[in-house]
């Protein structure tokens, strides 16, 4: 799985021009059909492009940064739940506001609560690597608020360096979170071992 921009025309042009690198080898991906369509709350029906590496012949789904791997909700919806939790809301209230089942929100929050420090560290490293003279976000008083602050710092660093008039165009904080996590923000085993400075 490879995260790509939202604009399907740009994805297609980069894919046909050999501009999407293979995550498994030094090769590039070429068009290779489509993944099955699926409904994603906050996005609509999503049918991601598939690419096949011209070197190692492995296929990959090209998931737009608006979605997360194996999630039926958009990254922005999940991000809104994490922000609401950082503000002190419980899973039932968050679910009611977002129009998502309470059990789904509870699952997101439980998954994230098991690794708040690792996630904060990941986004702090993203902010430091992307930003020029980017200072680390200040402690916000709770692990949840620290994570949201780190995502905000990563977004600020990326957009200051590359967007909105640059390479990326306009991106949201949760699109940056999706892209920098490889779409795995709530996936098991993410984040892996700590990144070095």
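Numbers at a glance
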{"read-out": "Qualifying positions in region 50-68 - within 13 Å of residue 33 (Cα to Cα) and under 17 Å from the mean Cα position of the chain (by Cα)", "value": "60, 61, 62"}
{"read-out": "Sole exception among (1) modelled with pLDDT under 95; (2) out of contact with any strand residue (DSSP E or B) (no Cβ under 7 Å at 6 or more places or on another chain) for residue 107, by number", "value": "(1)"}
{"read-out": "Residues that are over 19 Å from residue 70 (Cα atoms) and in contact with a helix residue (DSSP H, G or I) (Cβ under 7 Å, 6 or more places away or on another chain), drawn from region 31-57", "value": "31"}
{"read-out": "Residue 10, sole failed condition from (1) touching a residue at least 12 places away in the same chain (Cβ under 8 Å); (2) under 21 Å from residue 177 (Cα atoms)", "value": "(1)"}
{"read-out": "Count - residues of region 40-59 that are modelled with pLDDT of 95 or more and over 15 Å from residue 6 (Cα atoms)", "value": "9"}
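The values are calculated or read from the model by the stated rules, or taken from the named source; none is laboratory data. Source: prediction; values computed, not measured. No Cβ is skipped: glycine too gets one built from the backbone with ideal geometry, and neighbour counts run over all protein chains shown.
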